[in-house]
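Taking it in order: structure first as structure tokens, then the write-up.
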Amino acid sequence: MKKMIALALAAMMVVSMFAGCGGSSTGTPATEAPAANAPAAAPAEGAAPAIKIGLSGPMTGGASEYGLAVRGGMEIAVAEINAKGGLQIEFKSEDDQADGSDLAVSSYNSLKDWGMQILAGAVTTGSALAIAAETVNDQIFMLTPSASAEDVANTGANVYQMCFTDPNQGASAAELMKAKWPDATIGVIYDSSDAYSAGIRDGFLAKAKELGLNVAVDNAAFTADNKADLSAQVTMCKDAGCDLVFLPFYYTEAAQVLTYANTVGYAPTFFGCDGMDGILNVEGFDTALAEGLVLMTPFDASATDEATVAFVEQFKANNGGKVPNQFAADGYDVIYALYNACVAAGVDGNTPAADVCAALQEQFATMKVDGLTGSGMTWDENGMISKAPAAMVVTNGVYVPVA
Amino acid sequence: MRILQYLINGISIGSVYAIIALGYTMVYGIAKMLNFAHGDVIMVGAYISFCVTSYLGLPAWAGVLAAVAVCTVLGVVIEGLAYKPLRGTPSLAVLITAIGVSYFLQNAAQLIWSSSPKNFSSIVTMKPISMAGGKLVITGEVLLTVAACILVMVGLTLFTGKTRTGKAMRAVSEDRDAAQLMGINVNRTISLTFAIGSALAAIAGVLLCSTVPTLQPTTGSMPGIRAFTAAVFGGIGSIPGAMLGGILLGIIETFSKAYLSTQFSDAIVFSVLIIILLVKPAGLLGRQMQEKV
Amino acid sequence: MKKLLNNKAARTNLITYLVVVLAFLAMQLMNSAGMLGSSMKGFLVPICVYISLAVSLNLLVGICGELSLGHAGFMGIGAFSGILIAALLKNTIPNDFLRLLCAMLGGGVFAGVVGFVIGVPVLRLRGDYLAIVTLAFGEIMKNIVGNLYAGTDAEGFHIAISTSRMPLGEGGKYIINGPLGATGIQKLATFSMGFLLVLFTLFVVLNLINSKEGRAIKAVRDNRIAAESVGINVTAFRMKAFVVSAFLAGMAGALFGLNYSSVTATKFNFNTSINILVFVVLGGMGNILGSVISATVLYILPEAMRSLQDYRMILYAIVLIVVMLCTWSPKVKEYLSVAADKALGIFRKKEVGTNE
């Protein structure tokens, strides 16, 4: 009997938990949950309420490195904008653990309950795909800093990207190779369990075939489960006599490839994509190993222009001296692009999300944005960005544009 | 020459699996529990070693010693707080607690060291041995890891076979109640097992990160699962079995990548594992237990 | 009726059904009254899915005493086959509810068949060896589905397991797209269907447990050799439980897949299997109502802790450990009961005091 009472009590508790959460989340969203992680300046008396921008990304777990970088970049932009006066931004981030289904949607829903008007996310492709369909239903404007699959922007007219799409990046890599290393024997190592990496590889192989590049190894794959050991993949390229190795994946694994290649005395030209940016700032990494590495990145933390210097300084101050990578820079640009569009469209915290969405779509069709990751950036009707990919080569530990 | 290079690559990652598997099998054999937090203790060990060498600027051996010390204490504390109260309950209950501990360690590491990857510089300073005009390269890490594996394996075998404490451990492993009746302090023996297992984890962490330099809070989890697989493969509870299982798993993995398919190597490795377990249900060197009513 | 109420098993089952039905009605009422926020509405279907998964795994772990670390693998098979079926039947069955039902049944059958095929050799193993083989199966499934392409174009339906993207002709549309997973899924899942799934799962599992076969299965768990010696066909019963469990997981997976617009193979990894196992063990092995409750509470817990920001997962870990210690450790339990008695004692004394 006692057990039954306990069970009944537990069941009641669950029900009341539902009721409790449900009740609170339908309460007037504007008054609850002040942005916990953004220093939102108090708006002046009588001014319009701050516009609510939400970010969904991995803040815990294996991919949190990227989510936290984006969040760091966005927080700087929000603080700068709020300090200016005028239109204020209230910013909130939620954790989706880079999940591609239920956790992503619940992260998005929790932002929606908070009263989010614009989504500045998601960070990873899988989450972005799951969330994009929701934003289409809800008509919430979405600008993702880093989810780069073509399918993300194709989900709906309200979904925009700040980063290059994967096939495009693969194709530009092939073009650059054709221009600079037309006779190279090329090897491709990639992560077959990751949409970003597999997408670039598909785009690259298609273009390489068209251009007649000599791709000797195109199937040196690893997966998230066996990436602890990449020696076999490097050996495959070495054996095939590749003198140019394409590494379309993140710098975390790339550091491993470079280190192993160095120990076995294999020194081809390594070629990376935007995910490679950050390799020079991995703590403890010997930058000499990356000497001669070519990468296509929209962002260069060692650039000397005023905006980049200020951003890097601020990011370092906020994050214990950590140098920002392109994820952080994309996040920063996303907030500014959204802010410019909001100001131009004259929307604020009082505008319903669907109206914000319509107004921003109109703005993004015509506007030009200058940011850390490019100048004169525009978007096409599908929501994909057009900015010039900058090819860099690591020389003496810093990026130098490819001559 | 090519096949030899792949063989060496396989032994390289395999010996890392083996040294992790030794810790797994040791704890399993005596405490009869699957310690899913073992992989995360490895990660902690690697971080400690990294901090000592990079931040304090001390030599590599000091890093290893510090890692061993911290992990031993950590192992004993975890055992005392999370596993000891559950002694005598179904092994699944302890398994779930171990998973809780694993989540805890990963998230704590993220809060302490952030999720940004750190590049672990190898503790081996030896130049790689290059043969056949650079076609065959043997790195110092492989030699060190294999040597460490053999040393640990022989050491553990001697320890459990010859010393009084080791014999007590075996007695606890055979029959906990009977051991208690013979005057063996079961709780202390199990705590000691965890201390040794965690010290091994620290060494494994340093060797893992010397071979695979990227260090993140999730570094230990996948190699941990692979090593657990290796331990079962070799016959869980068997010390030479763990070593054999680890090295074979590494070789199978590398060969399937090199000669069959890189994309499907996970599927191939685990299929081979299933087939071998069907032929030898207790693993390669495991003992087939006679069941009694 | 009286006999029914006197039978302990029947009474427990009745309570289980009652709790589920009441919870469903309460949720429906609150929903129609507009009391549920987006988050809460979003939780309804996945909670039903995880309840079904936990109950079906409990059949295997709690009732049969087999440790399975690959339950998410069956869920994944169900999800991807269900998504395929739903997409292909789009024109044949225009009714969403019927199509969802077909997809779930199809997902269940697929998972059940795979369960049977791997069950034949695998059920020769026991204990931790069975655990590692189920883990291996989950990894194999994930690896293969990660390289699976399916889609339709002008020439009809194509499916391939391939190392690079399968090309599609004019007007082609991918249903399953390799590492991107299934994308552009039409969301068919509803809370009512989730509720029906939970009821169906409970019905199947509870009936199996309380049947003659169920008693045989428990006999096998408690002592395999003794059970065998009284003529119970051990392998046949283990197989039955394994296949039923896989079938139910497949159905739940199909509902899960059709509740989101995209699903990747990596979702059905070791961690998801472990999560379901946590639900089962925390709810009590063999305790079906316990699985229902713990799946619900543990699914919402990390979501309810969102305000803790970066600290929520570490707190979840701590809660998990503490709850395990409180529910399982004999010492902690004893301490708690003493403390509870003391607290009650003070309370009683006070009561006495006020009476005077």
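A few comments on the model shown:
- Entry remark, the stretch B:9-41: residues being among the aliphatic types (A, V, I, L, M), in contact with a Cys (Cβ under 8 Å, 6 or more places away or on another chain) and within 14 Å of chain A (Cβ to nearest Cβ) number 2 in total.
- Conditions (1) farther than 25 Å from C:ILE51 by Cβ; (2) at pLDDT 85 or above; number of the one not met by C:LEU168: (2)
To keep it simple, each residue is scored yes or no on (1) within 17 Å of A:THR252 (Cβ to Cβ); (2) at the interface with chain C (Cβ under 9 Å from one of its Cβ atoms); (3) surrounded by fewer than 23 Cβ atoms within 10 Å (Cβ to Cβ).
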residue	(1), (2), (3)
A:GLY57	yes, no, no
A:VAL70	yes, no, no
A:GLY73	no, no, no
A:ALA79	no, no, yes
A:GLY86	no, no, yes
A:PHE91	no, no, no
A:GLY100	no, yes, no
A:TYR108	no, yes, no
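- In summary, A:TYR251 fulfils each of the numbered conditions (1) within 9 Å of chain B (Cβ to nearest Cβ); (2) buried (at least 22 other Cβ atoms within 10 Å of the Cβ); (3) more than 23 Å from the chain's Cα centre (by Cα) with the single exception of condition (3).
- For the stretch B:84-102, taking the residues that are hydroxyl-bearing (Ser, Thr, Tyr) and buried (at least 23 other Cβ atoms within 10 Å of the Cβ), the one that is farthest from the other protein chains (Cβ to nearest Cβ) is identified as B:SER102.
- Residues satisfying the stated conditions in the stretch B:22-79, i.e. among the hydroxyl-bearing types (Ser, Thr, Tyr) and under 19 Å from B:LEU156 (Cα atoms): B:TYR24, B:THR25, B:TYR28, B:THR72
- Hits in the stretch B:49-73 (condition: within 14 Å of another protein chain (Cβ to nearest Cβ), crowded, with 21+ Cβ neighbours inside 10 Å and within 21 Å of the chain's Cα centre (by Cα)): B:SER49, B:PHE50, B:GLY63
- Residue list for the stretch C:141-175, filter: aliphatic (A, V, I, L, M), closer than 22 Å to C:ALA79 by Cα and either assigned to a strand (DSSP E or B) or free of Cβ contacts under 8 Å to residues at least 24 places away in the same chain (or both): C:ILE144, C:LEU148, C:ALA150, C:ILE159, C:ALA160, C:ILE161, C:MET166, C:ILE175
- Exclusive hit being hydroxyl-bearing (Ser, Thr, Tyr) and assigned to a loop (DSSP other than H, G, I, E, B), set C:SER52, C:SER68, C:SER56, C:SER81: C:SER68
- Test result for A:PHE246, crowded, with 24+ Cβ neighbours inside 10 Å, aromatic (Phe, Trp, Tyr) and within 9 Å of chain B (Cβ to nearest Cβ): no
- All of (1) over 20 Å from the mean Cα position of the chain (by Cα); (2) touching a residue at least 24 places away in the same chain (Cβ under 8 Å) hold for C:TYR311 with one exception: (2).
- Selected residue (criterion: farthest from the other protein chains (Cβ to nearest Cβ)) from residues of the stretch A:174-196 that are surrounded by fewer than 24 Cβ atoms within 10 Å (Cβ to Cβ) and among the small types (Gly, Ala, Ser): A:ALA179
- Any hit, the stretch C:137-149, residues being surrounded by fewer than 21 Cβ atoms within 10 Å (Cβ to Cβ) and more than 25 Å from the chain's Cα centre (by Cα): yes
- Here B:SER114, B:SER130 are screened, and the one residue that is without any contact (Cβ under 8 Å) to a residue 60 or more places away in the chain and touching a strand residue (DSSP E or B) at 6+ places or on another chain (Cβ under 6 Å) is B:SER130.
- Set side by side, the residues C:ILE161, C:ILE93 differ, and just one is on the phi < 0 side of the Ramachandran plot, of a type in the set (Val, Ile, Thr), surrounded by fewer than 19 Cβ atoms within 10 Å (Cβ to Cβ) and outside the structural domain of C:ARG215 (by TED's automatic domain parsing), which is C:ILE161.
- In the stretch B:209-252, of all residues being more than 13 Å from chain A (Cβ to nearest Cβ) and assigned to a loop (DSSP other than H, G, I, E, B), the one that is farthest from C:ILE132 (Cα to Cα) corresponds to B:SER238.
- Of all residues in the stretch A:188-217, those satisfying the criterion of being over 26 Å from the mean Cα position of the chain (by Cα) and either closer than 30 Å to B:ILE11 by Cβ or in a loop (DSSP other than H, G, I, E, B) (or both) are A:GLY212, A:LEU213, A:ALA216, A:VAL217.
- Residue match in the stretch C:118-129 (condition: within 22 Å of A:GLY100 (Cβ to Cβ), outside any loop (DSSP other than H, G, I, E, B) and of a type outside the set (A, V, I, L, M)): no
- Selection from the stretch A:238-266 of residues that are of a type in the set (Val, Ile, Thr), within 22 Å of B:GLY134 (Cβ to Cβ) and part of a helix (DSSP H, G or I): A:VAL257, A:THR259, A:THR263
- Unique residue being surrounded by fewer than 19 Cβ atoms within 10 Å (Cβ to Cβ), small (Gly, Ala, Ser) and closer than 30 Å to A:ASP239 by Cβ when the list is B:SER130, B:SER191: B:SER130
- Criterion violated by B:LEU111 - all others in (1) more than 14 Å from chain C (Cβ to nearest Cβ); (2) surrounded by fewer than 21 Cβ atoms within 10 Å (Cβ to Cβ) satisfied: (1)
- So A:ALA365, is it closer than 30 Å to A:GLU175 by Cβ and surrounded by fewer than 16 Cβ atoms within 10 Å (Cβ to Cβ): yes
- Count of the stretch C:24-56 residues which are among the hydrophobic types (A, V, I, L, M, F, W, C) and touching a residue at least 12 places away in the same chain (Cβ under 8 Å): 12
- Reported count of residues in the stretch B:207-220, each being within 17 Å of B:LEU111 (Cα to Cα) and crowded, with 24+ Cβ neighbours inside 10 Å, is 4.
- B:GLY134 within 14 Å of chain A (Cβ to nearest Cβ) and out of contact with any helix residue (DSSP H, G or I) (no Cβ under 6 Å at 6 or more places or on another chain): yes
- Those helices (runs of 4 or more DSSP H) of the stretch C:238-356 in which 1 or more residues are within 11 Å of chain A (Cβ to nearest Cβ) and aromatic (Phe, Trp, Tyr) occupy C:270-283, C:288-304, C:312-328.
The values are calculated or read from the model by the stated rules, or taken from the named source; none is laboratory data. Computed from a prediction, not measured in an experiment: that's the story for all the values here. A quick note on method: Cβ atoms are made from the backbone with ideal geometry, for glycine too, and the neighbour counts reach across all protein chains shown.
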